[in-house]
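Here's the structure we're looking at; comments come further down.
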Amino acid sequence: MTELWQKSANEMVTLLKGGQIRPSEAVDAAAQRIEATNGAVNSMVTLCLDRAQDYAARIEAQGHPERPGPGYLYGLPISVKDLQHVEGVLCTEGSPIYADRVSPESDMLVQSLENNGAIVVGKSNTPEFGAGANTFNEVFGATLNPWDTRMTCGGSSGGAAVSLATGQTWLATGSDLGGSLRIPGAFCSVVGFRPSPGRCPRGTSTYLGRFNDLGVVGPMARNVADVALMLDAMVGQYAHDPISLPVPNEPFQQAAQTATPPRRIGWSATLGIAPVEPEVAEICAAAAASFGDLGTDVDEATPDFTGATEMFLAFRGAMFVAGHGRHIAEHRDQLKPEVIWNYEYGLARTPEDMARAQLTRARIHVSMCEFFETYDLLVTPTVMTPPFPVETRYLEEVAGVKFDNYIEWLMHTFVITPSGCPAVSIPCGFTKDGLPVGLQLVAPPRGEAALLSAAAAFEANQRLQWQTPIDPRVK
């Protein structure tokens, strides 16, 4: 049983379904691996192992549904990001303001996963309120990259990515506004999947708001098949999430198993607006070109993202005004400067600024739709740089280009967000220093099935899916 942490989520579900292992044994395996590795990386910040064993005992006593759905997990342990509520478990959102808050009830996402046989073993670390792509906070400290513990793991779902890369859990929840599923996926050599808005139900008590279609929750895993499994366990339509979508007629796992290469892709290192470190551009260009081995036509092409940065910052700022006004008024001294900057940026936007952002979003959406009339996928680097030292809060300059704020270095991911298109970061290589690089694949709106199928075909043509889990590399 000591090798269970090395198995994929699908392998674990097969063992659990067949009775070769019990849910309680899977919880024990996760707990042992967390104990063995967490001191080196600080990814799992709150454990709820007694609660997990209670759920395991319940599953073992009651058995499984006669006709479980395609995403049923049979008692598989998972981690939940510390922005998402789990009943009876600490939920800090990485902020000293909520350092002692225990959730009275679970988010819809967690309820859906638990109804589908998932067992929550603990909460994964996040920056304060998910603001930023370097996972550190004043409550729990920094989460370190297992490939080199001197480096950042990315964020904001950084603890989730590290829990997967080190074998602490087999599946993990995350969320994504500016790239928080995709960036840590790239930095930790795991798969981070941003679904279409509404595909996975969200906790409507959060600042994201019931009708907001920019922030989403989604799955993270070590390979594409496992991401598809978790996505099937997460989807569902709920009245309390007014943009939530019905469960698709065909499971997403079926699409991943099909592994059909795209007919034609558009590759762009820069998206016409973003700087890129040369080594990252070279690795990702080679990965994109490898689609040609599958019979895919590969062109250099991109939609027009002119104005995308200003548009996204305006929407993001408005979200922080809506979500953090009370925090600013009552606890300003406890907030990190990046949260305050977002709030003040949003407060300074004029009605004309917001109207311009809406028009820019519409124009870019038209450009995306026209692009997908020719291409099946847009392919880019996930991040413009490899992981950097964890003490660096954020990058102020990349490839000679200086930035005005703490999130512009996330440009490759956040310009995709307002399009509503699903996107995935998939491992595609390593730098000469052994640091992971991710390739971002973007599909048309609600095109998760085609995206998973293409990602699985790409993955099968690589050898990187067998690189994780790893023991943390302490340097």
| request: In vacuum, with every alpha carbon of the range 53-119 counted as one equal point scatterer, what does the Debye formula give for log10 I(q)/I(0) at q = 0.16, 0.21 Å⁻¹? Two decimals, please. | output: -0.59, -0.88
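Helix-only estimate, please: 222 nm mean residue ellipticity of the chain, summing -39500 (n - 2.57) across DSSP H runs of length 4 or more and dividing by its residues, to the nearest 500.
Details: 14 runs with 169 residues, N = 475.
That comes out to -11000 deg cm²/dmol.
Within the chain, which whole H helices from DSSP have a Cα span along their axis of at least 20 Å and a mean Kyte-Doolittle hydropathy of 0.0 or more, if any? Please list the in-between numbers first.
On the way: long enough: 23-41 (26 Å, -0.09); 308-331 (33 Å, 0.26); 351-371 (30 Å, -0.32).
Once both thresholds are applied, what remains is 308-331.
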| query | Going highest first, how would you order 353-366, 274-287 by mean Cβ packing within 10 Å? | reply | 274-287, 353-366
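Could you compute Rg(Cα) / (2.2 N^0.38 Å) for the chain, with N its residue count?
Numbers: Rg = 20.4 Å, N = 475, 2.2 N^0.38 = 22.9 Å.
In units of the globular-protein estimate, the chain measures up at 0.89.
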| Segments 254-265, 177-188, 406-417 sorted - mean Cβ within 10 Å per residue, highest first | 177-188, 406-417, 254-265
| note | Sequence order, the range 71-79: Karplus ³J(HN,Hα) from phi using 6.51 cos²θ - 1.76 cosθ + 1.60, θ = phi - 60°, Hz rounded, Gly and Pro as x, gives x, 5, 10, 6, x, 7, x, 9, 9
| If you take the Cα Rg of the range 1-106 and divide it by 2.2 N^0.38 Å, with N the number of residues, what do you get? | 1.16
| message | Treating the range 13-65 as a set of equal point scatterers at the Cα positions, no solvent, please give the Debye-formula log₁₀ I(q)/I(0) at q = 0.26, 0.27, 0.31 Å⁻¹. | response | -1.01, -1.05, -1.19
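Here, each number is a calculation from the coordinates, and none is a lab measurement. Here the structure is a predicted model, which means the values were calculated and not measured. Cβ atoms come from the backbone with ideal geometry, glycine included; neighbour counts cover every protein chain shown.
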